[in-house]
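One structure below.
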Amino acid sequence: MAFEGLADKLQTVFRKLTGRGKLSEADIKAAMREVRLALLEADVNYLVVKDFVKRISEKAVGQEVMNSLTPGQQIIKIVRDEMVELLGGTRTAMNIASKPPTVILMAGLQGAGKTTMCGKLGAYYKKQGKRPLLVACDVYRPAAIEQLKVVGSQADVPVFEMGQIKPVEIVRAAFDEADRYGYDIVIIDTAGRLHIDDEMMAELKEIRDFAEPTETLLVIDAMTGQDAVNAAKAFNEEVELTGVILTKADGDTRGGAALSVKEVTGKPIKFLGVGEKLDDLEPFYPDRMASRILGMGDVLSLIEKAEAAFEEKKALELAEKIKKDKFDLSDYLDQMQQIKNMGSMQDILSMIPGGNKIAPGSIDEKGLSRVEAIILSMTPEERKDPSVINGSRRRRIASGSGTSVQEVNRLLNQFGQMKKMMKQFSGKGLGKRGKKGFMGLPF
Amino acid sequence: MGFFEKLKSGMKKTRDNIQEKIVSVLNSFTRIDEDLMDELEEALILCDVGAATSMKLVDRLRGRIKSEGLRSAEDVKNALKDEIAKLVDFEDVPDRFPKVMLIVGVNGVGKTTSIGKIANLYKKAGKNVLIAAADTFRAAASEQLEIWADRAGVPIVMYGQGQNDPAAVVYDALDSAKHRGSDVIIIDTAGRLHNKVNLMNELLKISRVIDREFPEAQRETLIVLDATTGQNALTQVKKFSEIVHTDGIILTKLDGTAKGGMVLAIKDETGIPVKYIGVGEGIDDLERFNGQEFADTLL
């Protein structure tokens, strides 16, 4: 894809800035340009972008850069936090009527995926032990009723239809049906309509007024561009939405429409449609969507995890030791345990942009525990000064840790090389940087 | 209503929107300065032209302002119109019969509806049309297409439910077309997201069946794009044309407020032109697209 993640781009913008405590206005401006482009490429509406970038700039200017973060990450964190907030903060669940049936009205433009979504919701509620009923009110599109019937039979959910008569009449009869047979969730499929088609919008309003739905949901294609705001606004004004469902999110679109729609309607996004099968329905999580729009892995949780795992004090001690060339195997063990505190290597990699491309299994999780075992099988004296470890000690350590002499040798060699490298660095002020850049990770 | 009027009325909303925006920008500026350029860029982005292409267009405009010494906002407008026209203009290959048209695209863009309209167009031109219902996947897709075939008054080759080999439908349809002496065979395919490898391979198989069974026919593959789609449209076109050679675009749902500006970026990057536009749900609501006229109606 032509567009790389925002994280990478901001990294480039800020590379020259490391070491500075504050960001200048010009730095922010350069960064905001990248943020703006990233959002536009993701189809976030232009006006929403403008507003958003303005807010971000205000937050970014003057904020002190956290010790452990590069300015790039600082900005990303602000952008992402703000975006998560904009997308609704936390997940919003579907409402259930206190007195059944719960009525769900589906609305949207043509081809957004309403009918398919009706089937998915039917299956979703059925799984929860509810008794859903699908109501076919798309009386215009050729074979729409037929499609709902097929979808309903796949989901094993009954479909109520009366052919091509007035939708309100169908809903009226469907309510009677629900009453009679005890259906507690009534999902109304409606025809796709353009938001500027007054006649059709009036019809939708009539259905809504009669049905008094618990949930009025706008179904919108995740690939929608700048026009998403116009449609969402019009639907919200006409029938007052309670939420939004984003479909076709299994494509490779960044889905900026989500942000636009949430921003103009203020209504939460409740579900994502992620495929053509009935169970291809996912609850919507604002934080995941934010990462997707920004085109980044979950870098921030990685940073947070890293911060939690590396205790400041220990890091300082460590830096001091490296400086004085007193870094020993106990410290090495310490470091390793801190990395382990961050989670499995696979987890950590999946949070780095591009890291999830590394095939699962190519990381030897056990390798770390073996190294740990080897060091733990050493005496304190040996850990402090590995040079005392002779052949017989090696054999003892190997059998004590359940490894082989070769593995013990390998570890000792690696440690020796590491110390050599540290010696070279310590002259150049590695101590000052402390934990930054550890293992070549970007923090 | 003549063709031109129809095109104009069909695209009125689209045009009104872009025009309004750009004209209002132009009118509010008496001088040509960087602010004007920024505003023009913004107007283009709002039409889904995309940031990169918008900047490119405005950059070219900047160059022309300099080299041609443009002074008035009116001159700038004409220059921009010119640039857009240049971008979307193309020369169409003349029809040669028999002709096999393969219609592809992601889900919900309006493939089936567009096929009904194209069938109607060729039928009206006195051609024998045959429709093949090779969307064997989506619930009731064949039934929907059958209704459109009825409306257009053309025969359709379709399988009953439970049959799910689209390539087999295509094979039968081509066989039937040869016997009937059909001029135009239009093949409907299932909507598929371009990042689904298996479904894209299925499309490749259909394409191979056409090449093998009917090599003498002229082939035309059209990708249907929803005008409301944003920047992902470019990826769609690229991915589909990696699988099947794509000759053009049918741009649907232009009767809404969406501007379909991404076709500029698509033409710019891939060279694939818009050939038809869909402007409503009626069977006659499809028009051949003309690049020059499009630009003229825009500004």
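Points to keep in mind about this one:
- Count - residues of the range B:237-256 that are within 8 Å of chain A (Cβ to nearest Cβ) and either at pLDDT 95 or above or closer than 17 Å to B:R288 by Cα (or both): 2
- Checking A:R180 against (1) surrounded by 15 or more Cβ atoms within 10 Å (Cβ to Cβ); (2) over 24 Å from A:G273 (Cα atoms); (3) out of contact with any Ser or Thr (no Cβ under 8 Å at 6 or more places or on another chain), the condition it does not meet: (1)
- In the range B:166-178, the count of residues that are of a type outside the set (S, T, N, Q) and not in a helix (DSSP H, G or I) is zero.
- Pair list, Cβ < 6 Å and 6+ apart or interchain, from the range A:29-53 residues that are closer than 23 Å to A:D221 by Cα and within 13 Å of chain B (Cβ to nearest Cβ) to residues that are of a type in the set (G, A, S) and in a helix (DSSP H, G or I): A:L37/B:A51; A:L40/B:A51; A:D43/A:A257; A:V44/A:S260; A:N45/A:S260; A:V48/A:S260
Results for (1) more than 10 Å from every other protein chain (Cβ to nearest Cβ); (2) in contact (Cβ under 8 Å) with a residue 12 or more places away in the chain, shown as yes or no for each residue.
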position: B:I187; (1), (2): yes, yes
position: B:S207; (1), (2): yes, yes
position: B:R219; (1), (2): yes, yes
position: B:N232; (1), (2): no, no
position: B:T235; (1), (2): no, yes
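- Residue selected from the range B:278-294 under the condition away from every other protein chain (no Cβ under 14 Å) and in a loop (DSSP other than H, G, I, E, B), by the criterion modelled with the lowest pLDDT: B:N290
- The residue that is surrounded by the most Cβ atoms within 10 Å (Cβ to Cβ), counting only those in the range B:238-277 that are touching a His at 6+ places or on another chain (Cβ under 8 Å) and outside any helix (DSSP H, G or I), is B:G256.
Let's see how each residue does on (1) surrounded by fewer than 21 Cβ atoms within 10 Å (Cβ to Cβ); (2) out of contact with any Phe, Trp or Tyr (no Cβ under 7 Å at 6 or more places or on another chain):
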{"site": "B:E34", "(1), (2)": "yes, yes"}
{"site": "B:M37", "(1), (2)": "yes, yes"}
{"site": "B:E42", "(1), (2)": "yes, no"}
{"site": "B:S54", "(1), (2)": "no, yes"}
{"site": "B:S72", "(1), (2)": "yes, yes"}
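- Hits in the range A:197-238 - residues which are surrounded by fewer than 23 Cβ atoms within 10 Å (Cβ to Cβ), facing another protein chain (nearest Cβ under 10 Å) and assigned to a loop (DSSP other than H, G, I, E, B): A:D197
- Residues being within 12 Å of chain B (Cβ to nearest Cβ) and touching a Leu at 6+ places or on another chain (Cβ under 6 Å) - total across the range A:239-249: 1
Results for (1) within 14 Å of chain B (Cβ to nearest Cβ); (2) in a loop (DSSP other than H, G, I, E, B); (3) under 25 Å from B:T112 (Cα atoms); (4) among the aliphatic types (A, V, I, L, M), shown as yes or no for each residue.
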| residue | (1), (2), (3), (4) |
| --- | --- |
| A:P100 | no, yes, no, no |
| A:I104 | no, no, no, yes |
| A:T116 | yes, no, yes, no |
| A:G119 | yes, no, yes, no |
| A:K130 | no, yes, no, no |
| A:Q147 | yes, no, yes, no |
| A:R172 | no, no, no, no |
| A:R193 | yes, yes, yes, no |
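- Filter result for the condition that a residue is over 30 Å from B:D255 (Cβ atoms) and crowded, with 24+ Cβ neighbours inside 10 Å, over A:V135, A:V157: A:V157
- Selected residue (criterion: surrounded by the fewest Cβ atoms within 10 Å (Cβ to Cβ)) from residues of the range B:101-138 that are in a loop (DSSP other than H, G, I, E, B) and within 9 Å of chain A (Cβ to nearest Cβ): B:F137
- Looking across the range A:293-318 at every residue that is buried (at least 19 other Cβ atoms within 10 Å of the Cβ) and in a helix (DSSP H, G or I), the one that is modelled with the highest pLDDT is identified as A:I293.
- A:K166 free of Cβ contacts under 8 Å to residues at least 40 places away in the same chain and either among the hydrophobic types (A, V, I, L, M, F, W, C) or more than 10 Å from chain B (Cβ to nearest Cβ) (or both): yes
- A residue that is within 13 Å of chain A (Cβ to nearest Cβ), surrounded by fewer than 20 Cβ atoms within 10 Å (Cβ to Cβ) and either closer than 22 Å to B:I243 by Cα or among the β-branched types (V, I, T) (or both) can be found somewhere in the range B:139-159.
- Boolean, A:C137 is within 30 Å of A:P158 (Cβ to Cβ), touching a Ser or Thr at 6+ places or on another chain (Cβ under 7 Å), modelled with pLDDT of 95 or more and of a type outside the set (G, A, S): yes
- Of A:A123, A:A136, all but one fail to be in a helix (DSSP H, G or I), over 20 Å from A:A231 (Cβ atoms) and either assigned by TED's automatic domain parsing to the domain that holds A:T247 or in contact (Cβ under 8 Å) with a residue 24 or more places away in the chain (or both); the exception is A:A123.
- Scan of the range A:240-280 for residues that are aliphatic (A, V, I, L, M), over 23 Å from B:A190 (Cα atoms) and crowded, with 21+ Cβ neighbours inside 10 Å, ordered by number: A:L241, A:V244, A:A257, A:A258, A:L259, A:V261, A:I269
The values are calculated or read from the model by the stated rules, or taken from the named source; none is laboratory data. As the structure is a prediction and not an experimental result, all values here were calculated from the model. Here Cβ is always computed from backbone atoms with ideal geometry, including for glycine, and neighbour counts include all displayed protein chains.
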